[in-house]
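J.: Below you will find the structure I want to go over with you.
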Amino acid sequence: MSWGTELWDQFDNLEKHTHWGIEFVERYTKFIKERSEIEVNYAKQIRNLSKKYQPKKNSKEEEENKYSSCRAFLTTLNELNDYAGQHEVIAENLTSQIISELMRFVQELKAERKSHFHDGRKAQQHIENSWKQLEMSKRRFERDCKEADRAQQYFEKMDADINVTKADVEKARQQAQLRHQMAEDSKNEYTSCLQKFNQEQNEHYYTLIPHIFQRIQDMEERRIEKVGESMKMFAEIDRQVLPIVGKCLDGMTKSAESVEPKLDSNQVIESYKSGFEPPGDVEFEDYSQPMKRTASENSLTNSRGEGKDKPSGKSKPKLWPFIKKNKGSGPEDCSHLPPEQRRKKLQAKVDDLNKEIQKEVDQRDALTKMKDVYLKNPQMGDPNSVDPRLSEISQNIERLKLEVQKFDAWLAEVEGRLPLRNDQSKRQSGLYDTQNNAPVNNNCAQDRESSPDGSYTEEQNSETQIKAPSTEFDDEFDEEDPLPIIGTCKVLYPFEGQNEGTMSVAEGEMLYVIEEDKGDGWTRVRRSEEEEGYVPTSYVEVFLEITKGAMTYI
């Protein structure tokens, strides 16, 4: 069916319909624009979300990546970032393949529609002018016929009147003939105009208008076809990224399936294992035997006793047995850490040093080859220019090797491959050796006091520092009057007193306390009247004579 034959008289309605069609394309284009903006904003929000939860460098979150669940989450964030990229691709394709094309098409459509309806109006104007000419010739023919009839009647009246002169009759006859001739001319003109109009009208309704309407119909069908293609492309653009989106989702699923609860729980053991054995059974202390005690100015104050009476659950747990917390970096040999954690730190340090050595060796080999090339081809460079750098690298290698030997020795010490070292000059205090001498199958009673469940808590950015006995010991032992006994203590761990002023003790030994810990980590004890000295406070369980009864002080 053709608009030219079926809608020959619907020019105005077709004009309205095609105008609506162009507005529909513009509205659909606006819809695609808004969809593209949504994709861009969605992709931006997804990227920001992924970036927000990415672990920060050198942060605790980055260290958590050793757990499979954290690594799976990191993989999910990376896949989500790629997923956001596909939505950006959708927005870009919508803009380039649909929006730009539709905007260009709408401009062409408006120009073409304007041209077609201009031709239609021109044809209508022409047929209307022909119709007006026909009407004018028709009215002229009608007027001339009436004038001719009146002139004929007037002639006949004059011819019948005997009183009228012959000249007047002749004049009336000539006037009647003139009018008849004018009427005949008007008739011929009207006939000509009628034939011309009929011909133009036939051409207008059967040739011009059908042709114009057909072009408008073709334009409309192309518009509809273009909209259909755009809708199909709208779906295809989404479908094109589905394989990659599927891979992103598959990556998320695969990362989720890689989560291993057992592995993560074992990783917790590896991260926090101290290497100590749980404490043994607590021995029975017989307090029924009276003990002579005298008052001492150095006895614990009530404030300290009251502090010990506080619920142990509220006290802050120790970092690990034998040490006290102090802010700052730990010693170089990591002796402030539990054995297992110390072994890991030392091993990591050895591995890093070996990597640095390998880098220096590679640089030395490269420079050696360069020097050989210069020796063979002096024009390429001076061989002696390489020597300073080679010397520097050799010094670095020697320095790193010494570092490795030092850390290897500490590592061997931790792993029990070498005997304990007695070189006090390499320690920050004499107690570091005593810590290494302590058997790993015991735990300090203070840990049970500090943490009811006996758990081990590691606190970052903290170190332990125990002051070694100073030369004040010599002055104190020069005193003539012996100090009074203020309590007793039980030795929890063996201690070899290697510094002057300290005393060697054996595990399980009972001693007298003659001076409490003044905050330096040492307690003064006596074995007999002639043998007394200092021992680490953390190595003994002290029972002081106070009004509230026996109480442990560590």
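The values are calculated or read from the model by the stated rules, or taken from the named source; none is laboratory data. Not measured: the values here are computed from a predicted model. Positions of Cβ are backbone-derived with ideal geometry, glycine not excepted, and every protein chain shown enters the neighbour counts. Heavy atoms of the whole protein, side chains included, go into the accessibility calculation; ligands, DNA and RNA do not. Shrake-Rupley method; radii C 1.70, N 1.55, O 1.52, S 1.80 Å.
J.: Within the range 85-119, take every residue that is out of contact with any Ser or Thr (no Cβ under 7 Å at 6 or more places or on another chain) and of a type in the set (G, A, S) and give me the one that is least open to solvent (accessible area, probe 1.4 Å).
T.: Taking the candidates together, the pick is G85.
J.: If you check S186, S192, which single one turns out to be open to solvent by less than 60 Å² (accessible area, probe 1.4 Å), more than 30 Å from D12 (Cβ to Cβ), more than 60 Å from the chain's Cα centre (by Cα) and of a type in the set (S, T, N, Q)?
T.: S186
J.: Would the range 60-83 turn up any residue that is modelled with pLDDT of 95 or more, under 21 Å from the mean Cα position of the chain (by Cα) and β-branched (V, I, T)?
T.: no
J.: Now for a separate question. Go through the range 38-55 and give me each residue that's surrounded by 13 or more Cβ atoms within 10 Å (Cβ to Cβ) and over 14 Å from the mean Cα position of the chain (by Cα).
T.: Selection gives I38, E39, V40.
J.: Under 6 Å between Cβ atoms, at least 6 apart or on separate chains: pull out the pairs that start in the range 260-272 with a residue that is of a type in the set (A, V, I, L, M, F, W, C) and end on any residue that is surrounded by 11 or more Cβ atoms within 10 Å (Cβ to Cβ).
T.: L263/S68
J.: Out of R215, R239, R222, I need the residue that is modelled with pLDDT of 90 or more and loosely packed, with under 10 Cβ neighbours inside 10 Å. Which one?
T.: R239
J.: A further question on this structure: Inspect the range 166-176 for any residue being β-branched (V, I, T) and open to solvent by less than 100 Å² (accessible area, probe 1.4 Å) and give the result as yes or no.
T.: Yes: the range 166-176 contains one or more residues that are β-branched (V, I, T) and open to solvent by less than 100 Å² (accessible area, probe 1.4 Å).
J.: If I ask for residues that are loosely packed, with under 12 Cβ neighbours inside 10 Å and farther than 30 Å from C334 by Cα, which ones from the range 386-401 would you list?
T.: Selection gives P388, S391.
J.: Take the residues in the range 213-246 that are free of Cβ contacts under 8 Å to residues at least 12 places away in the same chain and under 29 Å from the mean Cα position of the chain (by Cα), then tell me which one is nearest to S68 (Cα to Cα).
T.: Per the stated criteria, the residue is G246.
Here's the yes/no breakdown for (1) closer than 30 Å to I397 by Cα; (2) surrounded by 15 or more Cβ atoms within 10 Å (Cβ to Cβ); (3) in contact with a helix residue (DSSP H, G or I) (Cβ under 9 Å, 6 or more places away or on another chain); (4) modelled with pLDDT of 65 or more:
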site: S265; (1), (2), (3), (4): no, no, no, yes
site: F276; (1), (2), (3), (4): no, yes, yes, yes
site: S288; (1), (2), (3), (4): no, no, no, yes
site: K308; (1), (2), (3), (4): no, yes, yes, no
site: K318; (1), (2), (3), (4): no, yes, yes, no
site: I323; (1), (2), (3), (4): no, yes, yes, no
site: L346; (1), (2), (3), (4): yes, yes, yes, yes
site: D352; (1), (2), (3), (4): yes, no, no, yes
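J.: Could we say that Y539 is within 24 Å of S274 (Cβ to Cβ), under 55 Å from the mean Cα position of the chain (by Cα) and at pLDDT 85 or above here?
T.: Values: within 24 Å of S274 (Cβ to Cβ): yes; under 55 Å from the mean Cα position of the chain (by Cα): yes; at pLDDT 85 or above: yes.
So Y539 passes the test.
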